[in-house]
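See below for the structure under consideration.
The values are calculated or read from the model by the stated rules, or taken from the named source; none is laboratory data. Model, not experiment: these values are computed from the prediction. As a convention, Cβ positions derive from the backbone with ideal geometry for all residues, glycine included, and neighbour counts pool all protein chains shown. Calculation scope for accessible area: heavy atoms of the full protein, side chains included, ligands and nucleic acids excluded. Shrake-Rupley method; radii C 1.70, N 1.55, O 1.52, S 1.80 Å.
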Amino acid sequence: MNVQWYPGHMTKAKRAMQEDIKLVDLVIELVDARVPISSRNPDIDQLGRQKARLIILNKADLADREKNEAWKSYFASKMIPAVCLDSRSGAGIKAVHGAIQEACREKMERDRKRGILHRPVRAMVVGIPNVGKSTFINTLAGKACARTGNKPGVTRGNQWIRLNKNVELLDTPGILWPKFEDQQVGLHLAFIGAIKDDILNMEELALKLIGMLRKEYPGLLEQRYQEEFLGDDYDCLRLIAKSRSCLLKGGEYNTEKAASLLADDFRSGRLGTVTVESPQTAAKGKEGEG
């Protein structure tokens, strides 16, 4: 399955980020805890190379808890602190405040020695589409500061937000990169909803998702849909259509509708906690070094 999506506004957004990166002390990069490597934009990695860094493993509540801890250790080994967070509930938000101060400790110490007092840390919040940046900012600020949505592309322009007297945040649009060299990356981003569904073949995507779940999480689909999946992946999709009464005229199964329902169940966590990528296999795919 070939997945590519790079609309024109992302080129403009990247140029704006290249200018604004000069103004900040810290780059806070949100990744999806279910696909921490695939959801890291290599362009952002390059842009923030000379800045203090912090990775937020967002949507950690939708991922395996054990694998979340493994990913924190993985990024620590790359000398990048990482915090697990559920932006919607706020679970983990206190650790984020502490991590921001720790990441900028050297900068604040340099300011103090130069007699610069009470200058707030300026942080750029970056990430791919639909990773939860605006929800993260609103939760961190304790109020609605940034627009949110459950579809990629809600935030279109850069926006400064004063978090408190110590921290200012720059909200940026979600951007991808022009070409996915590894198609597994594009597939993983399609799984989590970072690619617009209307450019995808949802049935093909569902079959890939079914194949992954049957291999890595046997029994999960049976538990959700109360069917016994014994055939191939397409048979499984037909059974999901049966379970959810997705029927066409004449009694045929509507596998296209079932595919969309399956994707929604996965993205919302209704299938259970699932992590698609593991640190052990990170080196085989797109690995960001920080």
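Among all the lysines, which ones have a C-alpha under 25 Å from LYS78's C-alpha, if same-chain residues fewer than 8 places away are not counted?
Within reach: LYS14, LYS22, LYS51, LYS59, LYS67, LYS94, LYS107, LYS133, LYS179, LYS284, LYS286.
Out of the total accessible area of the chain (probe 1.4 Å, heavy atoms of protein only), what percent is carbon and sulfur?
Working: 6700 of 14070 Å².
Whole-percent figure for carbon plus sulfur exposure: 48.
What does the accessible area of CYS84 come to, in Å² to the nearest 10, when a probe of 1.4 Å is used?
30 Å²
Could you report the range 169-236's accessible area per residue, 1.4 Å probe, as an integer in Å²?
46 Å²
How do 270-279, 2-11 rank on mean C-beta neighbours within 10 Å, highest first?
Details: 270-279: 18.9, 2-11: 13.9.
Ranking, from highest mean packing down: 270-279, 2-11.
Enter the accessible area per residue of the range 42-142 (Å², integer; probe 1.4 Å; all protein chains in place). Working shown, then result.
On the way: 4920 Å² over 101 residues.
Here the per-residue accessible area is 49 Å².
Of SER134, SER38, SER245, which is the most mobile in a GNM of the chain whose springs link Cα atoms less than 10 angstrom apart?
SER245
Could you please put ASP171, ASP43, ASP235 in sequence from largest to smallest accessible area, using a 1.4 Å probe? Don't jump to the answer; show the numbers that get you there.
Details: ASP171 0, ASP43 35, ASP235 60 Å².
Of ASP171, ASP43, ASP235, the descending order of accessible area is ASP235, ASP43, ASP171.
Looking only at ASN164, ASN254, ASN130, which one moves most when the chain is put into a Gaussian network model with springs between Cα atoms under 10 Å?
ASN164
Which label marks the calculated value of P(r) over Cα pairs in 10 Å bins from 0, in percent, given the options (1) 6, 28, 33, 20, 9, 3, 1, 0; (2) 7, 30, 36, 21, 6, 1; (3) 7, 32, 39, 19, 3, 0?
Of the labelled values, this structure produces (1).
Could you sort TYR217, TYR234 by accessible area so the largest value comes first, with the probe set to 1.4 Å?
Numbers: TYR217 35, TYR234 100 Å².
From most exposed to least exposed: TYR234, TYR217.
Comparing ILE56, ILE28, ILE100, which has the greatest mean-square fluctuation in the GNM of the chain with Cα pairs linked when under 10 Å apart?
ILE100
Against the longest principal axis of the chain, how steep is helix 65-77, in degrees 0 to 90 to the nearest 10, with axes from Cα atoms?
40 degrees
I need the phi-derived Karplus couplings for the range 269-278: 6.51 cos²θ - 1.76 cosθ + 1.60, θ = phi - 60°, integer Hz, Gly and Pro marked x.
x, 5, 7, x, 7, 9, 10, 7, 10, 10
Over the heavy atoms of ASP265, what accessible area does a 1.4 Å probe trace out, to the nearest 10 Å²?
About 10 Å², rounded to the nearest 10.
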